[in-house]
Amino acid sequence: MSCENDLPLANNTGCSCRQKPILQVVHVLWALSKVFVLCFALSIFFAYAWSFVDWLRNYGTAPLLLPFMAGTEWKPVLDGKAYGEFDKLVDLYNCSFPGFGRFGSGIGLIAGAFWSFSFIDSRCWIQRLTFGISAGAIAGSRLFLMFSSDWHMFLFGLSLGALLAVTYVMFFWNRFFVVPDLPLVNLESGEAFESC
Amino acid sequence: MNKATPTSNVSKETWGPYELRPNPAAIFRLAIGTSCAIATALCVPDAFAILPSSPDFLSWSLRLIGLWLSAAMLWSVSFLAILHLLRIAFGGIRLDAEGIKLWRFAKKIPWTAIVAVSTVERRFFSRLFFIRPAAMQMILHVRRDDGKGVASKQIPSFQFLSEEFTSLLFYVSKLSLGIKPQSASVCIFQSDYRHLLKKPFEESRLKQVAIMCLISFSLVFVLAKRAAVNYTFNMGNKEFNQVNYGKASEFYEMATAVDPAFAPAWDRLARCEYRLGNKNDAVKHWHQALLMKPDYVESKLGLSAFYLANGEIDKAEPLIKQAIRLAPKDEAARLNLAQLKMLRGKIGEAVPLLEGLAKPGSGREQAQCLLAQCYVKLGNLDGANKILEKNPSLLTNSYTKRLCLISMAQLAWAQGRKSDATKFLVQIRRLPGVCPEKELTVRALRGDNELRK
């Protein structure tokens, strides 16, 4: 998924998706799939790893509590009040990752969100925007879930994370990559230095 | 990464600018390498701290492996995150025809100000943190602005790949001193400044010794602190399990004095105080635990049990709901929820919860007693009778004795055996100590005028 360069560098011609709207859709889907696959995979991995590690740490005193063990066996019934879809999402997450698996999955989600930034094609604005919104929302909402499972906090964390990440990738990201990388050189031949 | 592209038509005056950013692969390697050493160091005090709570060698060794793995995972992930944030904030090393900037907001060092370039291999550091090839440090000796003496600037190699670091060395040496280094280990200097180089070298060495001392002292202090906290906490747990709440609370107080941010110690201290009848301190310390760790389920449950026992249902409800949402499978949380529903008069909703908890062999005697009470209230006297008759251990267990007696009193009352009910109630009131179940059930019976008389 290569894009042409829209950085303030020489040969800056912008991403090809600017001329072809259909490509923008492809880029959005591509970016979303990268973020979600990475976050999901890391979340599952860390949740299982942390559950196992916690079982080892408390060997003999606590049973092994793996993610998704609760399944549909029991769901919290909180006086039948309607808490909204976000509330159900938080409940589903907490039910899926019981015990220390919840902490592990949190690490995985946040690590995945941050890691996904390294896959941004910085020349394409639509990819930067998608990465910023999705990864920022995931990291922000999960960070706030560390303090409370309240859906208001969850929503606030989600919005704040997305806003900060979008601001960063849209306004500051490219400023960090304006200068080209230092050319590599072989010490014995000193090949590249002849350019000085 | 750009490859070397010789362009002989470009003059030295227009060379660059180029940037050498910290390499993600090198940062990852450093995070993984350091995690092994750090996790091992952190596990040394834990090895002693878990001794009181480990019944045999197998448990001790498995717990130690678990602790090592958790420390290694946490360190590598968090250190990686910190390094990446620093990488974003400080940027890379910028070089152009005029000079070099060591980080984003640093002052540019003109090539003409650099009087010597040297590299030092950090073998101990590399061995300690499993860095291959060995880490190096490039030292730039820069003439001071006032012309008096030379200052040194360090560039560590562990944030770059080997070929990136040697390339940097090559460019710096060539652009500042006009010499092409033939290997990564060099010491190049202008002969005029030879006499001035001794002092910065010594200063650099002293600085390293000071940093090593600081790190060692901090490490020993942190590790000793951890060992003290974990050891006293585990000793407290041992006493707690043997129902020596007074002695246990002393250990927990020590643990909280050493590390005031250790939420489990605050929680356990509150539990001891509650069982000893010191309710005000218990509530204060449960709140303290929640202040240190807002999503700590145990403290939410302890505090909610206190409020339930006091009949402050409105205060207990949000805590129980939060605990349930954080740990939906937690049996204590579900038990508290069932108690809450019973107090709210929603017996029908409490029964399925309690039936799930009171399965044979589950070891949840409290749930069995509460289920018997629910059955009495629903008129299912046979069901209640079965539970209480089939579980004689309920009366021998000191923790569930009160609850069992009150269930039996309620059953006897419902069956018309008023003298038996009164007998059970008298037994309950003679029991020593404070516990939520006793207060809860006595409160439940208060609604019965005849029994109260």
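Each value in this text was obtained by applying a stated rule to the coordinates, not by laboratory testing. Worth saying up front: this structure is predicted, and the values here are computed from it rather than measured. Glycine gets a Cβ as well: all are built from the backbone with ideal geometry, and neighbour counts include every protein chain shown.
Loop-located trypsin sites (Lys or Arg not before Pro) across the stretch B:264-370 with a Cβ neighbour count of 13 or fewer within 10 Å are B:R344, B:K346, with loop assigned by DSSP. If Lys and Arg each add +1 and Asp and Glu each add -1, what is the summed charge of the other residues whose beta carbon sits under 11 Å from the beta carbon of B:A333? Within the 11 Å Cβ shell, the charges total +2. Where a Cα-Cα gap under 18 Å defines reach, which lysines qualify for B:K401, not counting those fewer than 8 residues away within the same chain? Cα-Cα hits under 18 Å: B:K386, B:K390, B:K423, B:K438. Which percent, nearest 5, of DSSP beta bridges in the stretch B:1-147 are antiparallel? Antiparallel bridges: around 100 percent, rounded to the nearest 5. Within the protein assembly as shown, DSSP assigns beta bridges of which about 95% are antiparallel (rounded to the nearest 5).
Proximity of backbone amide H atoms, modeled 1.01 Å from N, is registered between B:G99 and B:W111 at under 5 Å, excluding neighbours fewer than 5 places apart on the same chain.
Computing Rg and the Kirkwood Rh from the Cα coordinates of chain B gives a ratio, Rg/Rh, of 1.23.
The label point for B:C213 and the one for B:D56, both projected 7 Å from the Cα toward the Cβ, are 5.0 nm apart. On the beta carbon distance between A:A62 and B:S162, with R0 = 56 Å, the FRET formula returns roughly 0.80. Spin-label pair B:A89-B:F28: with each label point 7 Å from Cα along the Cα-Cβ axis, the two points sit 2.4 nm from one another. Net charge of the neighbourhood of B:L42, taken over other residues with C-beta under 15 Å away and scored Lys/Arg +1, Asp/Glu -1, is +2.
Restriction of the trypsin sites (Lys or Arg not before Pro) in the stretch B:117-169 to DSSP coil positions whose beta-carbon has at most 10 other beta-carbons within 10 angstrom yields B:K148. Here's the list of lysines a cross-link from A:K20 could span, going by alpha-carbon distance under 30 Å and ignoring same-chain residues fewer than 8 apart: A:K34.
Computed from the alpha carbon atoms alone, the convex hull of the protein assembly as shown holds 181 Å³ per residue.
Hey, can you list the DSSP H helices of chain B whose Cα span along the axis is 27 Å or longer and whose average Kyte-Doolittle score is at least 0.0? Qualifying helices, which must be both long enough and hydrophobic enough, are B:24-49, B:57-90, B:194-241. The amide H of B:L161, built 1.01 Å from its N in the peptide plane, has B:N23 as neighbours under 5 Å, considering only residues 5 or more places off or on other chains.
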